[in-house]
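Shown next, in structure tokens, is the structure this report addresses.
No value in this document is a laboratory result; all are computed from the given coordinates. Keep in mind the model is a prediction, meaning the values are calculated, not measured. Backbone-built Cβ (ideal geometry, glycine too); neighbour counts: all protein chains shown.
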Amino acid sequence: MLMRRFPEATEGDLSKTRAVMVSETGLARVAEDMDLGAWIFLGRGEEQAGGRARPSILADALEALLGAVYLDGGFAPARAVVERLFQRKLENAQLGARLDFKSRLQERSQALLQQAPRYAVVGQEGPDHDKTFRVAISLGGEELGQAIGKSKKEAEQSAAALALEKLEKRDER
């Protein structure tokens, strides 16, 4: 689908865009669009903890649904469902690929310093079913910021966005 939509795109750009679309966040958004959470059977504790809106549960449920369509009908029906569910996301796919802050920071730091950024969980709060993580990001031994998120990945993405913003401000000077 991506190759048809963006025939001139490089393999790297297509890979990044695909990664954004099929990430937990991307899959959860598709599941939200179709109100899949309303159809998931949850235990009482997970229900009370807001599991119907939890991205990891929504993403897993969508993957299970697509797998069931494939097992029931084969490749062609599964492909048709994927195309219908992801069509709107595909139309906005270029924008989504630019939002992968960790990949953008990785490319930039490798080009500038031949080093990868380092992410460290410096704190976590809340019960196991509703944790919040604080991640610090450093590059070349310098801490560029800290961010929080409902998952380590989310906190890392937010920290990478802060680091990119900081580096861009330095470039403007």
(request) Would you point out which residue out of Glu46, Glu83, Glu24 is surrounded by fewer than 14 Cβ atoms within 10 Å (Cβ to Cβ) and of a type outside the set (A, V, I, L, M, F, W, C)? (result) Glu83
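So, restricting to helices (runs of 4 or more DSSP H) that lie completely within the range 1-46, which ones have at least 1 residues that are among the small types (Gly, Ala, Ser), touching a residue at least 12 places away in the same chain (Cβ under 8 Å) and within 21 Å of Ala80 (Cα to Cα)? Write out each step before concluding.
Numbers: elements: 2-5, 11-21, 24-33.
Once the helices (runs of 4 or more DSSP H) in the range 1-46 are filtered for at least 1 residues that are among the small types (Gly, Ala, Ser), touching a residue at least 12 places away in the same chain (Cβ under 8 Å) and within 21 Å of Ala80 (Cα to Cα), what remains is 11-21, 24-33.
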